[in-house]
Structures are given as C-alpha cells and as structure tokens.
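One structure below.
The values are calculated or read from the model by the stated rules, or taken from the named source; none is laboratory data. Keep in mind that this is a model prediction, so the values were computed, not measured. Quick reminder, even Gly has a Cβ in these numbers, built from the backbone with ideal geometry, and neighbours come from all protein chains shown. Quick note on the areas: whole protein, heavy atoms, side chains included, nothing else; ligands and nucleic acids left out. Shrake-Rupley method; radii C 1.70, N 1.55, O 1.52, S 1.80 Å.
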Amino acid sequence: MSWSPEPAVVFEDVTLTYDDSGAPALAHVDLVIEEGELALVVGRTGSGKSTLLGAINGLVPHFTGGHLTGRVLVSGRDTATHKPRDLADVVGVVGQDPLAGFVTETVEAELAYGMEQLGLPPETMRRRVEEVLDVMDIADLRDAPLRDLSGGQQQRVAIGSVLTQHPRVIVLDEPTSALDPTAAEDVLAAISRLVHDLSTTVIVAEHRIERVIHHADSVIHVVDGRVEHGAPAQMMVTSSVAPPVVELGRWAGWSPLPLSVRDARRAAGPLRRQIGEIPSPAPPPEQPGGLEAKGVTVRHGRLVAVDDVDLTLRPGTITALMGRNGAGKSSLLWALQGSGARFAGSVSLDGTDPAELKPAARRTLVGLVPQTPGDLLYLESVGSECERADLDAGATGGTCAALLEEIAPGIPASRHPRDLSEGQRLSLVLAVQLTADPPVVLLDEPTRGLDYTAKAALSRALRSLVERGRAVLLSTHDVEFVAEAADRVVIMADGEIIADGPTADVVMSSPAFAPQVAKVLAPAPVLTVADVRSAVRDGST
C-alpha cells in the first residue's frame, strides 16, 4: 500500500458572506493545495483574494466575522474548530508591511520570538534560529536592528520569523510590493528554496504577477469570489489579470503561452524581425516653469540620504524616480514637498519655497501621496474624507468623490478608511491631494496594492494631470508601470542621481529596470504591448 502526503490546504464547498454584504466574498470554493506547492493567488482588487488568504489561518471568520459554510482544512485541522492561535504551528502569515509586524528590535530576537510564544526549549530555539539564518541568507544580519535593514532584508526576516516555528504552510500577502527588482528576486529565491528544499507549501498573493509566475507551480485565479486552480500557463490563457509577457503572447497568438522573458524571447524572433529598428519616441516638448531643486541635501543623523541633488520638474511631464531600496528616493520627495528635513540646497516653485509655507498652503503647491497613505486619513468614512478635502481646497462639492470614482470605482462613501484595501486607501489619498489641484504632484510607491486595471486607471489620471500642465514625480519600483506611464526616468543610488533621460533610453540600458516587453523585443525601443500593437498597426515595421 503506497503512502501519499496529506494535502496542505483543502477547501470543501466553502462559502463566506460578511455580515454587511448581500453577496458572498467566497462562493462554493473547492480547492486542494498539495504539500511543497508554490501557489500564486491572482485576481482583481476586491475579487476575494484577501478573504481566501484569511480563511487559511482562521482569521476569516474568527476575527473578521461573517458566516462560513463548508470546511477549510489545514494540515488536517478544521479551521472552524481551530482558531488562529491553534494553527500557529502549522500556518505562518507574512503581511504586506513586515516592519509593522515586528515585535522586537533585532533580527535574532525576532526570529526567536514566535518560538518563545510556543514555549519551545532553548536548545531547540537556538538550533532553529541558526538554521533559518542560513536558509534565508541573513546570517550576517544576526545582530542588526530591524529598522536599519533594507526592504528586502526585512521581508526575509519576516519570512524567517514564521519559518522558525516549522509551519507546513506559509501565506504571503504582496511580498514584493515595496521592493526594488533585485531585492524582489532575492526574496523570491529564498521562497523557492523553502518550497524545493524543505517542501514547505507557500501561498503567495501578488499583484505584480510578472515577478512571481515563473516560480509558481500553480495559479489560483479568484473572480468574484469563485476560484479556478490549475497550471500557470493554462490559467493565464483566460485570467482576468496577466503580466505583460502573457499579454504579448496572447496578442501574438503564441502557443504554448510563455510565462518568462526567456520563453517569450524564444518565440518572438519573427515579431522582432517584423518590428525591426523603429525610432525611439520623441520626448514631450519641454515647458517653461515648474519646480527647481538645486543642491538638495538631506541627512538623517550621520547618514546622508540625499547628496547635493539638482532636479527640475517641468509641467506636462511624468517623471519616474527609481533606484534600490535605501537609495534616498523618499527622502528626496519629502524634501521637495517641504515637509521633510533639508540640510542644504534650495527648492523653488514660481519663486516660492514650499518649506516656508504652512501645511494647508503647501498642499496647494505640491501634493504628496506617501508610501503609507493611511497616515493622512483620520475621519470616520470615505465620504467624510472627500467632503473635508473639498472644503479645505475650496473646491466644488463632489470634486474629490468624482476623482476617487475615476481612479478606483465603486468604493462606498460609508466605508471606514481602515477597512479599505491598500490600493483603495492609496486611491483615496490621491483623490484628496488632487482635489487641491496643485501644479506639482509627488507620489511614493503609488502602485503598491494596485492590480493591472487599477494601475491603468492611475496612469490615465496622471496623464490627465500633465495634459493640464501639471508636473508629476513618482517614486516607484514598478518597472512595468514606468514603461506605461512615465515620460522621463531618474535613477538614484546612494543619495545621488546617476541617470536621467527619456524613459526608453534609460530603462532599456538597465537590466534591472527594463520592462518585460523591452527585454523580449530588444533592440526595438518598445516598452509595452500597446507600443508593439502601434508599431505593427502603423507599419513602422
């Protein structure tokens, strides 16, 4: 009689309906995730992905409320009779913001904390800490303060902190959303080691599908609470969300559908010859005026975060600010906006330094959407936030609400901001900032938590701004969004600007920042599937 391992996660006809909703968040879900499987969860915002993840460790419905029918089994344990604390030894969960989940000060202490709560013997804890330091490749960070780590290092520590408890299943929510491309690859390489070397089951929800799909064993596609589960190439044929390389393959009719740049490039020979050497697009004409920064220097203690930077933001242009985590991008944004510390240098917008203005007046000149947009929300409902934004900006009633509906349709005015998804909160803060109609808009990681549809809506909103003569600067690691939205790219490293030019010129010369379509069809200067369609349609081939 042969032995087969027990499935890691089983959903049996699961339906979940929240108390304040008439429609189920999950509907008749049947799902089996095997041991040692890396399952990628995809779907549009609001499709039910978060509810699916929460049901795996019992947060749904034990803490969220709602009525669940059917059964969810994790390592054979029924979540109906096992609360999250009863599942902690078999399921580990890592959220979108690892720093917010840390409870200690240093790497080693954080790795040990969960085991302390389980009451494991000291000798077991010591052995497991050493094992995880090696598996996650963070041994050299043992004594490092958690706040001093890069985003990628923090994410690996967060994964390690649940790994020390030897769970059979690890659930990751947007693990690469705040990471630069290189750090994201480091984290994904660590995740792959867990799957292939330790047979850990890993379930990943990620909007940046292009980063993860070639690592996945299966894809769980969530559409309006219903679930489809299958091989990645099979699921991508009809998926409601897909990365650029898949969109290119769909359009070109390639079969089998490629999931990686390598496979797409092998299929793209005839298309590359068809497109040929088309000229790079001309940059938009430069307009006078805008924001001028000269010699800007920012220090945090002895650390020089921004080092003597000169930067001009012209009206009618979307500029992308890129670089590794810790390069100084956020510090530069806050210095330009006027709220952040500026050790030296000058910032001028039509002769006015934003730092010399009071906050309300400053927002009418330079709007800034931070990485944690919820920090700017303090009222009890979405509608109240929009009404306050209209009042503060002296705008016509309903202006903010209309902007929000354009960027992220369907958010109820009665919903509390803390109950919004990351992407919805960002959209609300962006609408609040745009209500003041400032000539300069700064955005820090604006696509974090946004699906492809929401990112397309954001791109249209930003394009509408620059068409009305506004200047936009967005700090981002999202190379695909940059390819779609930006006219110009500025790259920072160690607090300095090391590259500045038209988007195609800068990103195509960088292996780290080139989008998928550019890698597939190089040397043709095409960055998006829309560029390819246009090149073929216009006969520039």
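Before moving on, here are some points about what is shown:
- Some residue of region 59-75 being open to solvent by less than 10 Å² (accessible area, probe 1.4 Å), over 26 Å from E131 (Cβ atoms) and part of a helix (DSSP H, G or I): yes
- Members of region 27-55 found to be open to solvent by less than 70 Å² (accessible area, probe 1.4 Å), over 19 Å from L172 (Cβ atoms) and either in a loop (DSSP other than H, G, I, E, B) or touching a Lys or Arg at 6+ places or on another chain (Cβ under 8 Å) (or both), listed by number: A27, V29
- Filtering region 414-430 to residues that are open to solvent by less than 60 Å² (accessible area, probe 1.4 Å) and more than 14 Å from L450 (Cβ to Cβ) leaves H416, P417.
- Among residues of region 238-251 that are over 14 Å from K519 (Cβ atoms), those with a beta-carbon under 8 Å from a residue that is of a type outside the set (D, E) and surrounded by fewer than 20 Cβ atoms within 10 Å (Cβ to Cβ) at least six positions away or on a different chain give the pairs S240/R44; S240/V223; V241/R44; V241/T453; A242/R250; R250/V237; W251/R533.
- Top-ranked residue of region 218-234 - restricted to ones that are open to solvent by 40 Å² or more (accessible area, probe 1.4 Å) and closer than 19 Å to E12 by Cα, ranked as modelled with the lowest pLDDT: D224
- If the condition is being closer than 21 Å to G423 by Cα, in a loop (DSSP other than H, G, I, E, B) and open to solvent by less than 50 Å² (accessible area, probe 1.4 Å), then region 355-396 contributes P370, L377, L379, S381.
- Scanning region 194-216 turns up one or more residues that are open to solvent by 10 Å² or more (accessible area, probe 1.4 Å) and farther than 23 Å from G160 by Cα.
- Summed over region 339-354, the residues that are open to solvent by 40 Å² or more (accessible area, probe 1.4 Å), assigned to a loop (DSSP other than H, G, I, E, B), touching a residue at least 24 places away in the same chain (Cβ under 8 Å) and more than 13 Å from P438 (Cα to Cα) give a count of 4.
- Residues that are of a type in the set (D, E, K, R) and modelled with pLDDT under 85 were ranked within region 431-473; the one that is least open to solvent (accessible area, probe 1.4 Å) is D451.
- Pair list, Cβ < 6 Å and 6+ apart or interchain, from region 415-436 residues that are free of Cβ contacts under 8 Å to residues at least 40 places away in the same chain to residues that are hydrophobic (A, V, I, L, M, F, W, C) and open to solvent by less than 40 Å² (accessible area, probe 1.4 Å): R415/V382; S427/I407; S427/A408
- Residue within region 143-164 that is more than 21 Å from the chain's Cα centre (by Cα) and polar (S, T, N, Q) present: yes
- Within the set P515, P511, P525, P502, the sole residue that is without any contact (Cβ under 8 Å) to a residue 12 or more places away in the chain and not aromatic (F, W, Y) turns out to be P511.
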